[in-house]
There are 2 protein chains.
Amino acid sequence: MLDICLLGTGGMLPLPDRYLTAFLARLNGKKLLIDCGEGTQVTMRLLGWGYKTVDIICFTHYHGDHITGLPGLLLTIGNAGRKEPLTLIGPPGLKKVVEGLTVVCKDLAFELNLIELPYEEQELQIGEFYISILPVPHNVKCFAYTIENRRNPKFVVEKARANNVPQKYWKTLQQGKPVTEGNVTYTPDMVLGQARKGIKVSYCTDCRPIQELEDFIRGADLFICEGMYIEDTYLDQVKKHKHMLSSEAAKLAKAGNVKELWLTHFSPALPHNYMSIDHIKPIFNNIHIGQDRMTTTLEFSEEE
Amino acid sequence: MLDICLLGTGGMLPLPDRYLTAFLARLNGKKLLIDCGEGTQVTMRLLGWGYKTVDIICFTHYHGDHITGLPGLLLTIGNAGRKEPLTLIGPPGLKKVVEGLTVVCKDLAFELNLIELPYEEQELQIGEFYISILPVPHNVKCFAYTIENRRNPKFVVEKARANNVPQKYWKTLQQGKPVTEGNVTYTPDMVLGQARKGIKVSYCTDCRPIQELEDFIRGADLFICEGMYIEDTYLDQVKKHKHMLSSEAAKLAKAGNVKELWLTHFSPALPHNYMSIDHIKPIFNNIHIGQDRMTTTLEFSEEE
């Protein structure tokens, strides 16, 4: 299970009725935030999932609308009583930007664990969160993120017995660790069934669509993508500013065979009640205009 | 004339229905802002006075709730098309804090003119704004501010004639500049009447009341003061955290003989609809609980 919330849906600057784009995932009580523009702590308060268990904050890039809410959020997380280290992840430049913005956060009672990543495709695991990262083309170094709750293969008693695995090792092997007894080594595949599909969510704002994104988001249960420009007439502008048309996001969603697409990061010039995606639905039908604090709970599929 | 707006009324952290304490003064199209917590640009948008003509930003101190909105506001002022330098004023530490927070504001099209002031009582004039500064006791270096629109004395034709001032010098003398012709020096007092009362607004948050504040705010048309703790039962806490009871603010207002008092900087634990100041009114009657974007226009008095 993975709880998802699109905390805000605005690009460039916060509006009275639209917070800046940020994404929150909750997995077994731990929380991962992607991006933190000005006001993110306020929409988090409206959501009500709490501050203390924000364990990881990932940044796509360091334009103001994606990070200026960081010092205020850190202070509020501190006021909520957090003592455990908090991990910050981002493309090159993370240390300098965080050092600057936290000049007003002198007395935090928790440490910041900064993971400044090279500008390349990579994966890391923090707690139960599997995080995949893809460099994407914006006018500064920018990452797309995929967050997964991976599912362990099922334990198959018949297989364990057929392989003559002593019962005392079953639990260890189920946890994915091999066991050696004398000359015999027992491996997890001797007790486990086939790999099972986990839950996958991909998040991508502020970039041009590229072939690599199709593979990166492939089969995602949810793809959250920028919709800075809803109308196709803005193609020249999106190319100039390295953003994406909503129809390009829909084409990505189709090519990547994702289940559902949410648009976000809307231009401040575009009020929600003027948005229409009727022209995009023929490309990819299961598309939704993001709303602040739009939330879903993604479950493991029933299939074995 | 001086337009005043209390942009927000919250202390510590921004709430969904309460922006952080900030003060905006508008004088002949120029604007002076005091403090800039997270979200200040959003309440400014709701106010509708525009961004481009924000000329001066003063900081009381550098706790997050008074300054974390700065980078976002600067970016938005830039997007509004400002090209002229913008002046930032504050107690010692200004340069370091601004340098840190603006790490994400690389491409501003206007310069920042930083005036880091010594921690002492002082005055400065920027454009038509007369700014007086008083160090006040908080747990970091903190300033109270008084903003004035000073009024020139009236030109008195009879006085100019009685003093035999040639008419060609009247305008120069009216502007406050002396003129020398041969052995004779003409001074402004030879054509001007008595000093006239201007408009005075004092602003003070996050400090203990001190004797010097009474003189600093004396005769103000409006005194805006923190109301972090409305109830007198919090005296131990306000002393510990170096804040002020609302009754202490009222005593200051009375002692300083101000015309009107607005309370602001309310604890996030205190919703507006639970606030009562009935117990404070006997101390100073013309007191108001601040509301976000509470606005007034202060005019020169009619008297000569």
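Here, each number is a calculation from the coordinates, and none is a lab measurement. From a predicted model like this one, the values you see are computed outputs, not experimental measurements. Reconstructed Cβ throughout: ideal geometry from the backbone, glycine too, with neighbour counts over all protein chains shown.
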One would report the antiparallel percent of DSSP beta bridges in the protein assembly as shown, rounded to the nearest 5, as 60 percent
For B:Ser247, A:Ser246, B:Ser276, what ranking results if the residue with the fewest other Cβ atoms within 10 Å of its Cβ goes first?
-> B:Ser276, B:Ser247, A:Ser246
Would you mind telling me which residue in B:Lys83, B:Lys141, B:Lys171 has the biggest mean-square fluctuation in a Gaussian network model of chain B, where springs connect alpha carbons within a distance under 10 angstrom?
-> B:Lys171
Comparing A:Met244, A:Met228, A:Met190, which has the greatest mean-square fluctuation in the GNM of chain A with Cα pairs linked when under 10 Å apart?
-> A:Met190
Among A:Ala253, A:His265, A:Gln291, whose Cα sits farthest toward the positive end of the charge dipole of the range A:245-304 (+1 at Cβ of Lys/Arg, -1 at Cβ of Asp/Glu, about the Cα centre)?
-> A:His265
FRET efficiency, A:Ile210 to B:Glu99 (Cβ-Cβ, R0 35 Å, nearest 0.05) | 0.50
From DSSP H assignment alone, runs of 4+ in the protein assembly as shown each adding -39500 (n - 2.57), the sum over residues rounded to the nearest 500 puts [θ] at 222 nm at -5000 deg cm²/dmol
Normalising by the residue count of the range B:200-304, find the relative contact order in percent from Cα pairs under 8 Å and 6+ residues apart.
-> 28 percent
At A:Gly50, with labels set 7 Å past Cα in the Cβ direction, how many nm apart are the copies from this one, shortest first?
-> 4.8
So for the pair A:Met1, B:Lys154, with labels modelled 7 Å out along Cα→Cβ, what separation do we get in nm?
-> 7.8 nm
Roughly how many nanometres apart are two label points built 7 Å out from the Cα toward the Cβ at A:Asp232 and A:His272?
-> 2.8 nm
From the cross-link list A:Lys83/A:Lys106; A:Lys52/B:Lys239; B:Lys141/B:Lys242, the entries with a Cα-Cα span beyond 18 Å are A:Lys52/B:Lys239
How many nanometers, to one decimal and shortest first, lie between the label point of A:Arg150 and those of its other copies, if labels sit 7 Å from Cα toward Cβ?
-> 7.2
How high is the relative contact order of the range A:66-221, in percent, counting Cα pairs under 8 Å that sit 6 or more residues apart?
-> 19 percent
Pairing the Cα long axis of helix A:246-255 with the longest principal axis of chain A, what angle in degrees results, from 0 to 90 and rounded to the nearest 10?
-> 20 degrees
Closest approach to the B/A rotation axis among chain B Cβ atoms, residue and whole-Å value | B:Gly100, 2
Kindly put B:Cys105, A:Cys58 in sequence by how many other C-beta atoms sit within 10 Å of each C-beta, fewest to most.
-> B:Cys105, A:Cys58
Length-normalised contact order of chain A in % [C-alpha pairs under 8 Å, at least 6 apart] | 18 percent
For B:Leu47 and A:Tyr130, FRET efficiency with R0 = 60 Å and r from the beta-carbon atoms, rounded to 0.05?
-> 0.85
Label-to-label distances across copies for B:Thr295, with labels 7 Å out along Cα→Cβ, in nm, shortest first?
-> 3.6
Return the FRET efficiency for the residue pair B:Arg218, A:Leu108: r is the Cβ-Cβ distance, R0 is 41 Å, and the value is rounded to the nearest 0.05.
-> 0.50
Compute the acute angle (0 to 90°) between the alpha-carbon long axis of helix B:70-79 and the principal axis of greatest extent of the alpha-carbon atoms of chain B; round to the nearest 10°.
-> 60 degrees
Highest-MSF residue in chain A out of A:Glu248, A:Glu260, A:Glu84 [GNM, Cα springs under 10 Å] | A:Glu84
